[in-house]
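Worksheet: one structure, shown below.
The values are calculated or read from the model by the stated rules, or taken from the named source; none is laboratory data. Only a predicted model underlies this, so the values are computations on that prediction, with no experimental measurement involved. Using ideal geometry, Cβ is built from the backbone for each residue, glycine included, and neighbour counts are taken over all protein chains shown. Accessible surface is based on the protein model in full, side chains and every heavy atom, while ligands, DNA and RNA are left aside. Shrake-Rupley method; radii C 1.70, N 1.55, O 1.52, S 1.80 Å.
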Amino acid sequence: QVQLAESGGGLVQPGGSLRLSCAASGFTLSSFSSTLMSWYRKAPGKERELVADIPSPSAGGRSNYAHSVKGRFTISRDKAKNTVYLQMNSLKPEETAVYYCYAVSDYASTGTWGQGIQVTVSA
């Protein structure tokens, strides 16, 4: 059974940085290589939004970012560790939210969500 575990959240001052990690278990090395990985966030009173995604190595292609985070956030994946990262720089208070990791196979229409992790940007 596929499970995702986020870590690295917490409290950071405006302009600061955090790196979120999403460790995926239940994947084989080959299946993780055929999985699109994404980060979403949900702020209070707002709908959940896609922050960034990174295609599977099998599919290839470029990572995709929400317009609001381009140039500040970077998504990456470590195949050997079955882990995806989200490096977040120059954080803003309005980016306070619960951040979720999501994984979906290239061969499936629905995927797996992590439990979410709180990121709070505040002075």
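Listed values, structure above:
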read-out	value
Separation between Cα centres of the stretch 1-66 and the stretch 71-123, rounded to whole Å	3 Å
Value of [θ]222 nm, deg cm²/dmol, for the chain, DSSP H segments ≥ 4, -39500 (n - 2.57) each, nearest 500	-500 deg cm²/dmol
Label-to-label distance, nm, for residues given as S76 and T120 (7 Å Cα→Cβ offset)	2.9 nm
Surface per residue (accessible, 1.4 Å probe) for the chain, Å²	53 Å²
Net charge over other residues, Cβ less than 11 angstrom from the Cβ of S21 (K, R count +1; D, E count -1)	+1
The chain, dipole about Cα centre (Lys/Arg Cβ +1, Asp/Glu Cβ -1), debye to the nearest 20	200 debye
Within the accessible area of the chain (1.4 Å probe), percent carbon and sulfur	49 percent
